[in-house]
Amino acid sequence: MKKRVITATVLVAIVVALFLLPTNIAKYAIAAGVSILAALAYREIVDLKESHKPYSKLIKALGFVCLEFMVFHTINASYIYNGASFATIGLVLLLLLIPSIFDKKGNYTTKDAFYLMGTTVVIGLFFNLLMLLFNGNKWVLLYLILVATMTDTFAMLIGCLIGKHKLIPDVSPKKSVEGSIAGSLLGTVIASVYYYTVISSNINIFVLIVMTLVLSILGQLGDLFFSKIKRENDIKDFSNIMPGHGGILDRFDSMTFILYGYIIIINIINIIK
């Protein structure tokens with residue numbers, strides 16, 4: 001518990017520092033940080049032994065290059081939609097799929113290629129969006145972080161206090177229905193109040209609440225999705241890089257689904273003009 005608290009304190013301090021730094025300095029700090037985080041997340045996913053056969057060093061290097069290319073595509077874009085393009089994604093898909101054609105020993109099959117392709121795109125797009133959101137409107141990113149952290153925190157606390165019915169025990173045995181509901185409700189209230197008071201009071205309050213609730217639910221689904229990956233690979237955490245908290249993917253599991261969900265929602269309801 002002591003290690004968990006210390007690590008959490010350090011992480012919070014880093015996030016606060018990034019948000020308080022002058023913009024011209026923060027953008028370089030976030031770029032360096034995202035590059036490192038993406039690389040660590042990539043290592044965690046390619047090192048899983050049950051999901052695929054071990055990749056050769058050449059294939060790992062190729063995947064890493066594709067990942068960083070996606071992460072930094074249009075890094076200086078001032079508008080959130082100007083992230084990785086279809087051309088970028090298409091190039092990455094071809095670079096990762098074509099080598100499987102020439103594999104003669106079964107070391108890089110089409111199945112392995114699809115796994116590497118999928119994980120590289122998912123991780124690359126996520127960190128690309130993370131950086132673009134920070135550069136575009138870091139307070140919106142803080143709203144999304146609040147959705148994730150408040151939902152997770154209250155789901156855990158309420159679940160420990162009154163949780164009696166298991167949510168999906170085969171995937172995550174500690175999560176309860178009561179905790180899940182309470183986490184989404186309280187997470188929605190706190191994040192919605194923040195958005196309305198700090199970001200914009202012009203938004204329709206009903207739309208804001210529904211959007212936040214959907215994002216909260218998606219965050220829990222993201223948590224469960226990555227928990228299932230761990231269960232399929234018989235591991236507790238993706239790595240131990242953060243004492244008491246596990247790996248990069250252990251911390252960004254819910255945020256991954258939340259960021260993707262947010263981009264979909266704002267395109268549908270056109271909140272950002």
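Excluding residues on the same chain fewer than 8 positions from Lys104, give the aspartates and glutamates whose Cα lies under 17 Å from its Cα.
Cross-link targets: Asp112.
As I understand it, the value is the acute angle between the Cα axis of helix 57-71 and the longest principal axis of the Cα atoms of the chain; what does it come to in degrees, rounded to 10?
In the chain, helix 57-71 runs at an angle near 40 degrees to the longest axis.
Could you tell me the relative contact order of the stretch 194-273? Use alpha-carbon pairs under 8 Å, at least six residues apart, and round to a whole percent.
Across the stretch 194-273, relative contact order equals 30 percent.
How big, on average over all directions, is the shadow cast by the Cα convex hull of the stretch 204-273, in nm²?
Mean projected area for the stretch 204-273: 5.6 nm², to one decimal.
Kindly flag which residue pairs out of Lys105/Lys228; Lys53/Lys105; Lys138/Lys175; Lys164/Lys230; Lys53/Lys230; Lys53/Lys111 have an alpha-carbon separation exceeding 20 Å in this structure.
Beyond 20 Å: Lys105/Lys228; Lys138/Lys175; Lys164/Lys230.
What is the packing order of peptides 59-70, 197-208, 249-260, taking the mean over residues of other C-beta atoms within 10 Å and listing the highest first?
The packing order, highest mean first, is 249-260, 59-70, 197-208.
Cut-off 10 angstrom, C-alpha nodes, Gaussian network model of the chain. Which of Ser239, Ser35, Ser51 fluctuates the most?
Of Ser239, Ser35, Ser51, the Gaussian network model singles out Ser51 as fluctuating most.
Report, to the nearest 10°, how far helix 23-46 tilts away from the longest principal axis of the Cα atoms in the chain, using its own Cα long axis and a range of 0 to 90°.
60
Are there trypsin sites (Lys or Arg not before Pro) in the stretch 126-188 that DSSP marks as loop and that have at most 10 other Cβ atoms within 10 Å, and which are they?
Those satisfying the criteria are Lys164.
Tilt of helix 86-97 relative to the longest C-alpha principal axis of the chain, in degrees (0 to 90, nearest 10)?
50
List every residue whose amide H lies under 5 Å from the amide H of Lys166, counting only residues 5 or more places away in sequence or on a different chain, with H placed 1.01 Å from N in the peptide plane.
Distant-sequence amide H within range of Lys166: Val177.
Kindly list the residues of the stretch 108-142 that lie in the label zone of Val198, defined by a backbone N under 20 Å from the point 7 Å along the Cα-to-C-beta vector.
Residues passing the 20 Å test: 129-142.
Multiplying the sequence separation of Ser51 and Lys236 by 0.36 nm and subtracting their Cα-Cα distance, what value in nm do you get?
65.1 nm is the gain from fully extending Ser51 to Lys236.
Report the normalised scattering of the chain as log10 I(q)/I(0) at q = 0.12, 0.15 Å⁻¹, calculated by the Debye formula with identical scatterers on the alpha carbons.
Relative scattering, expressed as log10 I(q)/I(0), comes to -0.80, -1.23.
At 222 nm, what value in deg cm²/dmol follows for the chain if DSSP H runs of at least 4 each add -39500 (n - 2.57) and the sum is divided by all its residues, to the nearest 500?
Helix-only estimate at 222 nm: -24000 deg cm²/dmol.
Provide the gained length on full extension for the span Leu20 to His245, in nm with one decimal, where the gain is 0.36 nm per separating residue minus the Cα-Cα distance.
Taking 0.36 nm per residue and subtracting the Cα distance, the gain is 78.5 nm.
Order Glu44, Glu232 by their accessible area, 1.4 angstrom probe, all chains in place, largest first.
Heavy-atom accessible area, descending, gives Glu232, Glu44.
Please give the charge dipole size of the chain, origin at the Cα centre, charges +1 on K and R Cβ atoms and -1 on D and E Cβ atoms. Round to the nearest 20 debye.
340
The values are calculated or read from the model by the stated rules, or taken from the named source; none is laboratory data. Bear in mind that the values here come from a model prediction, so they are computed numbers and not experimental data. When we count neighbours, we look across all protein chains shown, and the Cβ atoms used for this are built from the backbone with ideal geometry, even at glycine. Heads up: the accessible areas ignore ligands, DNA and RNA and are worked out on the full protein's heavy atoms, side chains in. Shrake-Rupley method; radii C 1.70, N 1.55, O 1.52, S 1.80 Å.
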